[in-house]
Amino acid sequence: MLGPLPQWCEQTCVVCPAQQLGPGQFDVVDRPGPDFAYRPDLGWRATADGVAVCVHPFRVGLPAGRYASGGEPIPAQTSRPAPTPAALELPADVMDLEGWLVAVLRDAPAEQIFTAVARAERLAAERFGAKQAVTALRRVLSVELANR
């Protein structure tokens, strides 16, 4: 497949290569980090040699793998990976805020979702400001709650 899967446009970050590239055309790693910096010239995160990287396997629905750089095959059918403990840590960069919010919501049991949202909003607002927190929450909640 050359282009992105339709569900990827809703379920991934706006700076994820899955917004524009199809399965196998980018690598997936288990969390953001300095080795996978956002590249404005490309429009997504990439390795030092320019390989596109998705840093939220739980959003793209693929386990971590070197699909583009190492030729690993795309798994036939897998369950959506759960957020890792690292994905549940409040990020330092606002670009990773939506990914963190998705991880928090997916990790929360149904009976604790409202508590999880309130806590996430408070923590995000403390670090990034109320406007950034609410904007990110609105985008994330519109998709995540509909998919529960």
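The values are calculated or read from the model by the stated rules, or taken from the named source; none is laboratory data. Bear in mind that the values here come from a model prediction, so they are computed numbers and not experimental data. Cβ: placed from backbone, ideal geometry, glycine included. Neighbour counts: every protein chain shown. For accessibility, only protein heavy atoms count, side chains too; no ligands or nucleic acids. Shrake-Rupley method; radii C 1.70, N 1.55, O 1.52, S 1.80 Å.
Here are a few things to note about the model shown:
- Accessible area per residue was computed with a 1.4 Å probe on protein heavy atoms; Val15 scores about 40 Å².
- The length gained by stretching the chain between Leu90 and Gln7 to full extension, at 0.36 nm per residue less their Cα-Cα distance, is 27.3 nm.
- Rounded, prolate or oblate (a/c below 1.5 giving rounded, otherwise prolate when a/b exceeds b/c) for segment 65-146 by Cα gyration tensor: prolate
- Rolling a 1.4 angstrom probe over the protein heavy atoms with all chains in place gives the chain an accessible area of 54 Å² per residue.
- Fraction of accessible area attributable to carbon and sulfur, the chain (%, probe 1.4 Å): 55 percent
- Charge-dipole axis of segment 1-108 as Lys and Arg at +1 and Asp and Glu at -1 on Cβ define it, positive-most pick from Pro23, Leu90, Gly43: Pro23
- Segment 1-128 - Rg (one decimal) and Dmax (whole number), Cα, Å: 14.6, 44
- Cα gyration tensor category, rounded, prolate or oblate, for segment 1-68 with a/c compared to 1.5: rounded
- Counting only protein chain heavy atoms and rolling a 1.4 Å probe, the accessible areas of Thr47, Thr135, Thr115 rank, largest first, as Thr115, Thr135, Thr47.
- Sites Leu42 and Glu126 - FRET efficiency at Förster radius 35 Å, r taken between beta-carbons, to 0.05: 0.65
- For segment 42-87: rounded, prolate or oblate by the Cα gyration tensor [a/c cutoff 1.5]: oblate
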